[in-house]
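Each remark here refers to the structure printed beneath this line.
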Amino acid sequence: MKVLVVGSGGREHAIVRSVSLSSRVDKIYCAPGNAGIAELAECVNIGVMDFDALTDFALKEKIDLTIVAPDDPLVAGAVDAFEKKGLRAFGPRANAAILEGSKAFSKDLMKKYNIPTAAYENFDNADDALKYLEGAKMPIVLKADGLALGKGVLICNTLEEAKEGVKSIMLDKQFGSAGNRMVIEEFMTGREVSVLSFVDGKTIRPMTSAQDHKRALDGDKGLNTGGMGTFSPSPFYTKEIDDFCMKNIYQPTVDAMAAEGREFKGVIFFGLMLTKDGPKVLEYNARFGDPEAQVVLPRMNNDIIDVMEACIDGTLDRVELDFKDNAAVCVVLASKGYPVKYEKGFEIHGLEAFKGRDEYFVFHAGTKFSDDRIVTNGGRVLGVTAMGADLKQARANAYEATGWIDFDNKYCRSDIGKAIDEA
Ligand code: AMP
Ligand code: GLY
């Protein structure tokens with residue numbers, strides 16, 4: 001069969017790699033893709049939001065399955081656009097992707113269906129939000145309602161900071177129209193875990209757990225980024241926690257969406273905080289995480305096409321997911337200055353060192369061809385992933401492999417997976 005993957009980052013490279021392992025797939029396209037994806041797929045220069053061009057391409061090439069990976073097109077109705085033209089697409093429709101597209105929606109859903117999450121209030125004007133803050137306990141968390149490239153969350157330690165935050169979200173529109181509404185919620189403490197899951201509208205199959213490192217600098221300092229590295233599994237995510245989450249969070253979320261007439265098919269990403277009062281939902285995403293996908297997918301033994309088709313067809317109850325009994329660590333190689341200001345266009349050396357090695361992967365996030373060289377083309381450039389028998393081995397392997405790559409202004413955190421030592 002012919003498969004089209006929509007997107008251009010490390011997550012999409014990891015998805016394309018898994019698709020390339022399927023015995024059922026003859027040809028892979030990626031729109032728009034990147035220089036690494038181009039080794040496995042034919043990249044076509046169509047933007048992820050150009051639904052007319054994407055669906056025309058899929059019709060013309062007789063694509064059997066399109067996988068929509070990023071949040072923006074999902075929330076804007078990419079899957080609906082494919083289905084309208086009679087094409088098969090993997091991912092939630094717009095009415096279900098709202099689980100990620102509106103934080104106010106997802107908080108109200110959790111409240112209505114008793115799914116554990118931080119206490120909160122929604123606001124659609126700055127005056128009410130500012131009034132509410134007067135009596136609130138600090139620290140407090142402010143969230144722009146809509147999509148904001150993972151940056152629409154402000155953690156405020158003082159009342160002054162919180163007031164400034166409300167103003168910048170709702171009045172100055174720091175995150176654009178994402179800040180037309182906002183959520184103010186209780187600050188929680190604990191360990192964070194990401195659990196990705198396949199969903200077919202009724203049945204949910206969680207994948208192995210992972211942990212992201214969102215801050216730019218060592219010691220979880222600096223600004224929030226798209227993610228600087230991941231490890232999988234999380235040693236803090238026990239069987240007992242998994243059972244609790246299945247009963248109180250995962251299945252109830254799928255059932256709640258169905259009850260609301262918003263049947264969810266695709267991947268739900270649960271961002272969890274393991275608090276002293278039990279696991280609580282920090283956020284939902286309606287897609288694979290990045291860089292979570294880069295440590296979770298290489299550990300999956302299933303044919304990803306079988307699993308995705310079962311999600312579309314509503315037959316996921318017949319599928320059991322199977323993960324390797326090992327561990328993986330991904331260290332993101334970024335451009336110095338990310339996420340604020342950085343230079344691009346530097347040649348990348350050393351990529352060939354990953355060829356022919358089963359346990360090491362270099363997923364491209366922001367790269368492109370310049371003549372016949374591969375150059376940096378983004379803040380996050382590469383995701384260097386390694387597997388190992390356990391987390392410590394995987395981490396040692398991943399950091400060793402970061403040394404094989406060289407480009408000007410290369411930067412990575414040196415403490416990805418440090419939490420492993422505390423397990
Ligand atoms: P989100 O985009 O909602 O995952 O938020 C980004 C990051 O902000 C999370 O990964 C957490 O580290 C932090 N965060 C979000 N909500 C809370 C909360 N209620 N309490 C503490 N930290 C939070
Ligand atoms: N790594 C977090 C995300 O994909 O949103």
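What follows is calculated from the coordinates using simple rules that are stated; it is not laboratory data. Worth saying up front: this structure is predicted, and the values here are computed from it rather than measured. Counting neighbours? That spans all protein chains shown, and the Cβs are built from the backbone with ideal geometry, glycine included.
Worth a mention:
- Solution diffusion estimate, µm²/s, Stokes-Einstein, the chain, Kirkwood Rh from C-alpha pairs, 20 °C, viscosity 1.002 mPa s: 98 µm²/s
- Once the Cα-Cα distance is subtracted from the 0.36 nm per residue extended length, the Leu149 to Lys85 segment shows a gain of 20.1 nm.
- Whole-number D in µm²/s for region 288-423 (Stokes-Einstein; Kirkwood sum over Cα pairs; 25 °C, 0.890 mPa s): 151 µm²/s
- Region 250-293, Rg to Rh (Cα coordinates; Rh as Kirkwood inverse mean 1/r): 1.02
- What you get for the chain, charging only the Cβ of Lys and Arg (+1) and of Asp and Glu (-1), is a dipole of about 200 debye around the Cα centre.
- Mean projected area of the Cα convex hull of region 163-294, taken over all directions, amounts to 9.4 nm².
- Average projection, convex hull of the Cα set of region 1-139: 11.6 square nanometres.
- Charge dipole of the chain about the Cα centre (unit charges at C-beta), most positive-ward option of Ala41, Gly165, Val19: Gly165
- Whole-angstrom gap from region 126-182 to region 6-65, using each part's C-alpha centre: 37 Å
- When you filter the trypsin sites (Lys or Arg not before Pro) in region 35-94 for DSSP loop state and at most 15 other Cβ atoms inside 10 Å of their Cβ, you are left with Lys62, Lys85.
- Net charge dipole, region 65-159: roughly 320 debye, given to the nearest 20, about the Cα centre with Cβ charges of +1 for Lys and Arg and -1 for Asp and Glu.
- Dipole of the chain computed with +1 at Lys/Arg Cβ and -1 at Asp/Glu Cβ about the Cα centre; of Cys30, Gly314, Ile115, farthest Cα towards the positive end is Ile115.
- Shape call, region 3-70: gyration tensor on alpha carbons, a/c limit 1.5: oblate
- Backbone N under 17 Å from the Ala396 label point (7 Å along Cα→Cβ), restricted to region 336-361: 359-360
- A full extension of the chain between Ala353 and Lys131 corresponds to an added length of 74.1 nm, given 0.36 nm per residue minus the alpha carbon distance.
- Computed extension length for Glu160-Ala53: 33.8 nm, one decimal, from 0.36 nm per residue of separation with the Cα-Cα distance subtracted.
- Cα point-scatterer Debye curve for region 119-239, base-10 log of I(q)/I(0) at q = 0.12, 0.20 Å⁻¹: -0.56, -1.12
- In this calculation the C-beta distance from Asp26 to Asp372 is compared with R0 = 30 Å, giving a FRET efficiency of 0.65.
- Mean Cβ neighbour count within 10 Å, used as a protection proxy, ranking 67-78, 7-18, 303-314 highest first: 7-18, 67-78, 303-314
- Alpha carbon centroid spacing (whole Å) that separates region 315-382 from region 75-123: 28 Å
- Only Lys, Arg, Asp and Glu carry charge here, each on its Cβ (+1 for the first two, -1 for the last two); on that basis region 187-314 has a dipole of about 360 debye about its Cα centre.
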